[in-house]
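The values are calculated or read from the model by the stated rules, or taken from the named source; none is laboratory data. Fair warning: this is a prediction, and the values are worked out from it, not measured in the lab. Cβ: placed from backbone, ideal geometry, glycine included. Neighbour counts: every protein chain shown.
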Amino acid sequence: MQRGVRAEFDRVRLRYSGAQDVLKGVTFTLEPGETLGVLGRTGSDKTTLIRLLFRLYAATEGAVRFDGVDVREARLDDLRRRVGLVTQDVQLFHGTVRENLSFFDPAVTEERITAVTSELGVGTWLASLREGLDTPLTAGGGGLSRGESQLLAFARVFLKDPGLVILDEPSSRLDPATEKTLTRAVDRLLEHRTGIIIAHRLETVQRGDKILVLSGGEIAEFGSRQALSRNPASHYSRLLALSGGASLDETMEKLGDATE
Ligand SMILES: Nc1ncnc2c1ncn2[C@@H]1O[C@H](COP(=O)(O)OP(=O)(O)OP(=O)(O)O)[C@@H](O)[C@H]1O
Ligand SMILES: [Mg+2]
(Lines give C-alpha, C1' and ligand atoms only; values in the text may rest on other atoms or scores of the structure.)
(Ligands and ions follow the chains in the order given, each with its own letter.)
Protein backbone atom coordinates (compact mmCIF):
# COMPACT_ATOMS: atom_id res chain seq x y z
CA MET A 1 0.00 0.00 0.00
CA GLN A 2 1.49 3.29 -1.11
CA ARG A 3 -0.02 6.45 0.32
CA GLY A 4 2.91 8.73 -0.28
CA VAL A 5 2.65 11.88 -2.36
CA ARG A 6 5.12 13.23 -4.88
CA ALA A 7 6.47 16.52 -3.55
CA GLU A 8 8.18 18.94 -5.88
CA PHE A 9 9.95 22.25 -5.40
CA ASP A 10 10.38 24.04 -8.71
CA ARG A 11 12.74 27.05 -8.69
CA VAL A 12 11.19 28.26 -5.45
CA ARG A 13 12.09 31.71 -4.20
CA LEU A 14 10.67 33.19 -1.06
CA ARG A 15 10.94 36.63 0.42
CA TYR A 16 9.45 37.39 3.81
CA SER A 17 8.88 41.10 4.39
CA GLY A 18 12.51 42.16 3.91
CA ALA A 19 14.31 43.02 0.68
CA GLN A 20 16.31 39.77 0.58
CA ASP A 21 15.08 36.42 -0.71
CA VAL A 22 15.33 33.75 2.00
CA LEU A 23 14.96 30.89 -0.48
CA LYS A 24 16.95 31.55 -3.62
CA GLY A 25 15.78 29.10 -6.24
CA VAL A 26 15.22 25.71 -4.61
CA THR A 27 14.52 22.77 -6.94
CA PHE A 28 14.16 19.13 -5.93
CA THR A 29 11.67 16.28 -6.16
CA LEU A 30 10.69 13.61 -3.68
CA GLU A 31 9.04 10.53 -5.17
CA PRO A 32 6.13 8.84 -3.36
CA GLY A 33 7.38 6.87 -0.37
CA GLU A 34 10.83 8.45 -0.27
CA THR A 35 12.29 9.93 2.88
CA LEU A 36 14.36 13.08 2.73
CA GLY A 37 16.81 14.08 5.43
CA VAL A 38 17.31 17.86 5.54
CA LEU A 39 20.53 19.19 7.02
CA GLY A 40 21.71 22.71 7.53
CA ARG A 41 23.03 25.10 10.12
CA THR A 42 20.70 27.12 12.24
CA GLY A 43 19.04 29.85 10.16
CA SER A 44 19.63 27.99 6.89
CA ASP A 45 15.87 28.08 6.10
CA LYS A 46 14.97 24.50 6.97
CA THR A 47 11.77 25.47 8.80
CA THR A 48 10.97 27.99 6.06
CA LEU A 49 11.00 25.16 3.52
CA ILE A 50 8.41 23.25 5.56
CA ARG A 51 6.13 26.26 5.90
CA LEU A 52 5.75 26.32 2.12
CA LEU A 53 4.48 22.74 2.09
CA PHE A 54 1.86 23.63 4.66
CA ARG A 55 1.13 26.88 2.81
CA LEU A 56 1.84 28.99 5.85
CA TYR A 57 3.64 31.10 3.26
CA ALA A 58 3.45 31.01 -0.52
CA ALA A 59 6.44 31.04 -2.83
CA THR A 60 7.30 34.49 -4.19
CA GLU A 61 8.45 32.83 -7.40
CA GLY A 62 8.38 29.24 -8.64
CA ALA A 63 6.04 26.55 -7.38
CA VAL A 64 5.60 23.85 -4.77
CA ARG A 65 3.56 20.91 -6.10
CA PHE A 66 1.86 17.89 -4.60
CA ASP A 67 1.28 15.10 -7.11
CA GLY A 68 1.71 17.73 -9.82
CA VAL A 69 -0.76 20.21 -8.34
CA ASP A 70 0.46 23.64 -7.29
CA VAL A 71 -0.24 24.02 -3.56
CA ARG A 72 -1.62 27.51 -4.27
CA GLU A 73 -4.37 25.88 -6.31
CA ALA A 74 -5.21 23.22 -3.73
CA ARG A 75 -7.91 23.71 -1.10
CA LEU A 76 -6.19 24.62 2.13
CA ASP A 77 -8.07 22.08 4.27
CA ASP A 78 -7.40 19.37 1.72
CA LEU A 79 -3.72 20.28 1.57
CA ARG A 80 -3.36 20.26 5.34
CA ARG A 81 -5.12 16.92 5.57
CA ARG A 82 -2.46 15.47 3.33
CA VAL A 83 0.45 16.77 5.35
CA GLY A 84 1.25 15.62 8.87
CA LEU A 85 3.59 17.81 10.83
CA VAL A 86 5.44 16.94 14.03
CA THR A 87 7.37 19.86 15.42
CA GLN A 88 9.63 20.16 18.41
CA ASP A 89 6.97 22.00 20.38
CA VAL A 90 3.80 19.97 20.47
CA GLN A 91 0.67 22.08 20.77
CA LEU A 92 -1.77 20.63 23.28
CA PHE A 93 -5.32 21.81 23.87
CA HIS A 94 -7.30 22.02 27.02
CA GLY A 95 -9.19 18.73 26.65
CA THR A 96 -8.83 14.99 27.16
CA VAL A 97 -6.12 12.80 25.69
CA ARG A 98 -8.77 11.52 23.26
CA GLU A 99 -9.70 15.04 22.13
CA ASN A 100 -6.05 15.97 21.77
CA LEU A 101 -5.43 12.91 19.62
CA SER A 102 -8.50 13.30 17.41
CA PHE A 103 -8.59 17.10 17.24
CA PHE A 104 -12.09 16.88 18.74
CA ASP A 105 -13.31 14.80 15.79
CA PRO A 106 -15.99 12.44 17.17
CA ALA A 107 -15.68 10.28 14.03
CA VAL A 108 -12.32 9.00 15.31
CA THR A 109 -13.34 5.86 17.17
CA GLU A 110 -11.87 4.41 20.34
CA GLU A 111 -10.97 1.23 18.41
CA ARG A 112 -8.96 3.24 15.92
CA ILE A 113 -7.17 5.20 18.64
CA THR A 114 -6.35 1.99 20.48
CA ALA A 115 -5.12 0.32 17.29
CA VAL A 116 -2.91 3.29 16.40
CA THR A 117 -1.46 3.76 19.85
CA SER A 118 -0.60 0.10 20.28
CA GLU A 119 0.88 0.01 16.78
CA LEU A 120 3.09 2.94 17.74
CA GLY A 121 4.15 1.27 20.96
CA VAL A 122 2.51 3.87 23.18
CA GLY A 123 -0.37 1.67 24.32
CA THR A 124 1.41 0.94 27.60
CA TRP A 125 1.79 4.62 28.31
CA LEU A 126 -1.91 5.23 27.61
CA ALA A 127 -2.92 2.30 29.79
CA SER A 128 -0.88 3.79 32.62
CA LEU A 129 -2.91 7.01 32.60
CA ARG A 130 -5.34 7.15 35.47
CA GLU A 131 -8.38 7.82 33.32
CA GLY A 132 -7.01 6.42 30.06
CA LEU A 133 -8.19 8.34 27.00
CA ASP A 134 -10.40 10.51 29.20
CA THR A 135 -7.46 11.85 31.17
CA PRO A 136 -7.65 15.65 31.00
CA LEU A 137 -4.72 17.63 29.63
CA THR A 138 -4.15 21.33 29.94
CA ALA A 139 -2.99 23.63 27.17
CA GLY A 140 0.77 23.97 27.19
CA GLY A 141 1.35 20.33 28.02
CA GLY A 142 0.54 20.20 31.74
CA GLY A 143 0.68 16.60 32.87
CA LEU A 144 2.77 15.24 30.00
CA SER A 145 6.50 14.81 29.78
CA ARG A 146 8.34 15.99 26.68
CA GLY A 147 8.60 12.42 25.42
CA GLU A 148 4.92 11.77 26.02
CA SER A 149 3.99 14.93 24.10
CA GLN A 150 6.12 13.75 21.19
CA LEU A 151 4.45 10.34 21.22
CA LEU A 152 1.06 11.99 21.30
CA ALA A 153 2.05 14.09 18.29
CA PHE A 154 3.06 10.96 16.37
CA ALA A 155 -0.23 9.26 17.24
CA ARG A 156 -2.08 12.34 15.98
CA VAL A 157 -0.35 12.20 12.63
CA PHE A 158 -1.02 8.48 12.41
CA LEU A 159 -4.73 9.04 12.98
CA LYS A 160 -4.76 11.71 10.29
CA ASP A 161 -3.04 9.30 7.88
CA PRO A 162 -1.44 11.87 5.55
CA GLY A 163 0.59 11.19 2.41
CA LEU A 164 3.44 13.40 3.56
CA VAL A 165 4.95 13.37 7.03
CA ILE A 166 7.21 16.19 8.12
CA LEU A 167 9.27 15.89 11.26
CA ASP A 168 11.20 18.79 12.72
CA GLU A 169 13.27 16.69 15.07
CA PRO A 170 13.95 17.94 18.59
CA SER A 171 17.63 18.69 19.10
CA SER A 172 17.83 17.39 22.67
CA ARG A 173 17.63 13.75 23.55
CA LEU A 174 15.12 12.02 25.79
CA ASP A 175 15.66 8.96 27.98
CA PRO A 176 16.79 5.84 26.05
CA ALA A 177 13.50 3.95 26.47
CA THR A 178 11.46 6.89 25.11
CA GLU A 179 13.98 7.42 22.30
CA LYS A 180 13.51 3.80 21.30
CA THR A 181 9.73 4.11 21.25
CA LEU A 182 10.00 7.34 19.24
CA THR A 183 12.38 5.78 16.73
CA ARG A 184 9.94 2.94 16.24
CA ALA A 185 7.07 5.38 15.86
CA VAL A 186 8.96 7.36 13.20
CA ASP A 187 9.73 4.15 11.30
CA ARG A 188 6.07 3.18 11.33
CA LEU A 189 4.97 6.67 10.30
CA LEU A 190 7.34 6.77 7.34
CA GLU A 191 6.41 3.33 6.06
CA HIS A 192 4.57 3.79 2.73
CA ARG A 193 4.58 7.56 3.15
CA THR A 194 6.69 10.35 1.80
CA GLY A 195 8.72 11.89 4.60
CA ILE A 196 10.81 14.96 5.26
CA ILE A 197 12.94 14.98 8.37
CA ILE A 198 14.81 18.00 9.59
CA ALA A 199 17.42 16.04 11.40
CA HIS A 200 19.50 16.93 14.39
CA ARG A 201 21.19 13.57 14.74
CA LEU A 202 22.97 11.26 12.37
CA GLU A 203 20.89 8.16 13.09
CA THR A 204 17.83 9.97 11.83
CA VAL A 205 19.45 11.12 8.59
CA GLN A 206 20.62 7.58 7.94
CA ARG A 207 16.99 6.66 7.54
CA GLY A 208 16.71 8.97 4.50
CA ASP A 209 16.68 7.80 0.90
CA LYS A 210 17.79 11.27 -0.11
CA ILE A 211 19.75 14.02 1.57
CA LEU A 212 19.37 17.75 1.12
CA VAL A 213 21.90 20.17 2.56
CA LEU A 214 20.66 23.75 2.78
CA SER A 215 22.95 26.71 3.06
CA GLY A 216 21.95 30.35 2.97
CA GLY A 217 18.63 29.61 1.28
CA GLU A 218 20.19 27.51 -1.46
CA ILE A 219 20.72 23.81 -1.98
CA ALA A 220 24.35 23.04 -1.24
CA GLU A 221 23.77 19.37 -1.97
CA PHE A 222 20.95 17.05 -2.95
CA GLY A 223 21.09 13.42 -3.89
CA SER A 224 20.65 9.82 -2.91
CA ARG A 225 22.11 9.15 0.52
CA GLN A 226 23.99 6.09 -0.68
CA ALA A 227 25.57 7.89 -3.62
CA LEU A 228 26.56 10.83 -1.41
CA SER A 229 28.07 8.60 1.25
CA ARG A 230 30.19 6.86 -1.41
CA ASN A 231 31.53 10.18 -2.68
CA PRO A 232 34.24 11.33 -0.24
CA ALA A 233 34.00 14.92 -1.53
CA SER A 234 30.30 15.30 -0.66
CA HIS A 235 29.15 17.44 2.26
CA TYR A 236 27.31 14.43 3.56
CA SER A 237 30.30 12.09 3.71
CA ARG A 238 32.47 14.85 5.19
CA LEU A 239 29.79 15.28 7.79
CA LEU A 240 29.84 11.57 8.57
CA ALA A 241 33.63 11.60 8.81
CA LEU A 242 33.76 14.73 10.97
CA SER A 243 31.00 13.88 13.40
CA GLY A 244 32.94 11.42 15.58
CA GLY A 245 30.32 11.38 18.33
CA ALA A 246 29.65 15.12 18.24
CA SER A 247 26.11 16.31 17.65
CA LEU A 248 24.99 16.97 14.12
CA ASP A 249 24.52 20.66 14.87
CA GLU A 250 28.09 20.96 16.17
CA THR A 251 29.41 19.13 13.13
CA MET A 252 27.40 21.34 10.75
CA GLU A 253 29.03 24.26 12.51
CA LYS A 254 32.49 22.79 11.81
CA LEU A 255 31.55 22.15 8.20
CA GLY A 256 30.12 25.65 7.98
CA ASP A 257 32.96 27.25 6.08
CA ALA A 258 32.70 24.60 3.43
CA THR A 259 28.96 25.01 2.90
CA GLU A 260 28.93 28.79 3.05
N1 LIG B 1 8.18 34.81 9.58
C2 LIG B 1 9.38 35.28 9.24
N3 LIG B 1 9.51 36.56 8.81
C4 LIG B 1 10.73 37.05 8.46
N5 LIG B 1 11.87 36.34 8.51
C6 LIG B 1 11.81 35.07 8.94
C7 LIG B 1 10.57 34.46 9.34
N8 LIG B 1 10.82 33.19 9.73
C9 LIG B 1 12.14 33.00 9.57
N10 LIG B 1 12.74 34.10 9.09
C11 LIG B 1 14.18 34.22 8.75
O12 LIG B 1 14.49 33.26 7.76
C13 LIG B 1 15.77 32.68 7.99
C14 LIG B 1 15.66 31.17 8.10
O15 LIG B 1 14.91 30.79 9.25
P16 LIG B 1 14.46 29.28 9.52
O17 LIG B 1 13.66 29.27 10.74
O18 LIG B 1 13.85 28.74 8.28
O19 LIG B 1 15.87 28.56 9.76
P20 LIG B 1 16.16 27.07 10.25
O21 LIG B 1 17.11 26.49 9.26
O22 LIG B 1 14.90 26.35 10.50
O23 LIG B 1 16.95 27.29 11.62
P24 LIG B 1 16.97 26.36 12.96
O25 LIG B 1 17.96 25.24 12.69
O26 LIG B 1 17.50 27.29 14.00
O27 LIG B 1 15.60 25.87 13.24
C28 LIG B 1 16.29 33.34 9.27
O29 LIG B 1 17.16 34.36 8.88
C30 LIG B 1 15.05 33.88 9.93
O31 LIG B 1 15.36 35.00 10.69
MG1 LIG C 1 14.00 25.54 12.24
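Can you tell me how many residues within the range 39-59 are within 15 Å of Ala220 (Cα to Cα) and either among the basic types (Lys, Arg) or at pLDDT 95 or above (or both)?
The total comes to 2.
So the check is Cβ under 6 Å with 6+ separation or different chains; which pairs have a first residue in the range 201-222 that's within 14 Å of ligand 1 (Cβ to nearest atom) and a second one that's of a type in the set (Lys, Arg) and in a strand (DSSP E or B)? Correct list of pairs: Gly217/Lys24; Glu218/Lys24.
Among Thr27, Thr35, which is surrounded by 15 or more Cβ atoms within 10 Å (Cβ to Cβ) and more than 16 Å from ligand 1 (Cβ to nearest atom)?
Working: Thr27 fails: surrounded by 15 or more Cβ atoms within 10 Å (Cβ to Cβ).
Every option except Thr35 fails the conditions.
So that you can scan it fast, the table gives a plain yes or no per residue for (1) assigned to a loop (DSSP other than H, G, I, E, B); (2) at pLDDT 90 or above:
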site: Leu79; (1), (2): no, yes
site: Gly84; (1), (2): no, yes
site: Gln91; (1), (2): yes, no
site: Glu99; (1), (2): no, yes
site: Asp105; (1), (2): yes, no
site: Ser118; (1), (2): no, no
site: Ala127; (1), (2): no, no
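Please state which one of Arg72, Arg41, Arg55 is assigned to a loop (DSSP other than H, G, I, E, B) and on the phi > 0 side of the Ramachandran plot.
Numbers: Arg72 fails: on the phi > 0 side of the Ramachandran plot; Arg41 fails: on the phi > 0 side of the Ramachandran plot.
On inspection, the qualifying residue turns out to be Arg55.
Quick one: would you say Val97 is of a type outside the set (Asp, Glu) and away from ligand 1 (no atom under 16 Å from the Cβ)?
Values: of a type outside the set (Asp, Glu): yes; away from ligand 1 (no atom under 16 Å from the Cβ): yes.
Taking the combined requirement at face value, the residue satisfies it.
Look at the range 131-160: where a residue is part of a loop (DSSP other than H, G, I, E, B) and a partner is among the aromatic types (Phe, Trp, Tyr) and surrounded by fewer than 19 Cβ atoms within 10 Å (Cβ to Cβ), sitting 6+ places away or on another chain with Cβ atoms under 6 Å, you get Ala139/Phe93.
Take the residues in the range 168-190 that are among the small types (Gly, Ala, Ser) and touching a residue at least 40 places away in the same chain (Cβ under 8 Å), then tell me which one is farthest from ligand 1 (Cβ to nearest atom). Before the answer, list the steps.
As a first pass, look at the range 168-190 and keep what is among the small types (Gly, Ala, Ser): 171-172, 177, 185.
Next cut, touching a residue at least 40 places away in the same chain (Cβ under 8 Å) only: 171, 185.
Numbers: Ser171: 8, Ala185: 22 Å.
That would be Ala185.
Residue under question is Arg41, and the condition is that it be without any contact (Cβ under 8 Å) to a residue 12 or more places away in the chain, within 26 Å of Glu169 (Cβ to Cβ), of a type in the set (D, E, K, R) and within 16 Å of ligand 2 (Cβ to nearest atom); does it hold?
Numbers: without any contact (Cβ under 8 Å) to a residue 12 or more places away in the chain: no; within 26 Å of Glu169 (Cβ to Cβ): yes; of a type in the set (D, E, K, R): yes; within 16 Å of ligand 2 (Cβ to nearest atom): yes.
No: the conditions fail for Arg41.
Counting residues in the range 196-206 that are more than 16 Å from ligand 2 (Cβ to nearest atom), in contact with a strand residue (DSSP E or B) (Cβ under 6 Å, 6 or more places away or on another chain) and at pLDDT 95 or above gives zero.
Looking at the range 59-90, which of its residues are of a type outside the set (Asp, Glu) and free of Cβ contacts under 8 Å to residues at least 40 places away in the same chain?
Going through the range 59-90, the residues of a type outside the set (Asp, Glu) turn out to be 59-60, 62-66, 68-69, 71-72, 74-76, 79-88, 90.
Matches in the range 59-90: Val69, Val71, Arg72, Ala74, Arg75, Leu76, Leu79, Arg80.
Only a single criterion out of (1) part of a helix (DSSP H, G or I); (2) within 17 Å of the chain's Cα centre (by Cα) is not satisfied by Ala227, namely (2). Taking the range 1-23 as the range and being over 26 Å from Thr204 (Cβ atoms) and either at pLDDT 95 or above or away from ligand 2 (no atom under 15 Å from the Cβ) (or both) as the test, the residues that pass are Asp10, Arg11, Arg13, Arg15, Ser17, Gly18, Ala19, Gln20, Asp21. Report yes if Thr35 is farther than 28 Å from Glu250 by Cβ and either in contact with a Cys (Cβ under 8 Å, 6 or more places away or on another chain) or away from ligand 2 (no atom under 16 Å from the Cβ) (or both), otherwise no. Taking the combined requirement at face value, the residue does not satisfy it.
One residue is enough: does the range 142-156 have a residue meeting the conditions of a type in the set (A, V, I, L, M) and exposed (fewer than 14 other Cβ atoms within 10 Å of the Cβ)? Full working, then the answer.
Here is the first cut: in the range 142-156, the residues of a type in the set (A, V, I, L, M) are 144, 151-153, 155.
Narrowing the set further to residues that are exposed (fewer than 14 other Cβ atoms within 10 Å of the Cβ) leaves none.
No, because not a single residue in the range 142-156 is of a type in the set (A, V, I, L, M) and exposed (fewer than 14 other Cβ atoms within 10 Å of the Cβ).
Residues in the range 49-71 that are within 12 Å of ligand 1 (Cβ to nearest atom) and surrounded by 19 or more Cβ atoms within 10 Å (Cβ to Cβ): Leu49, Ile50, Leu52.
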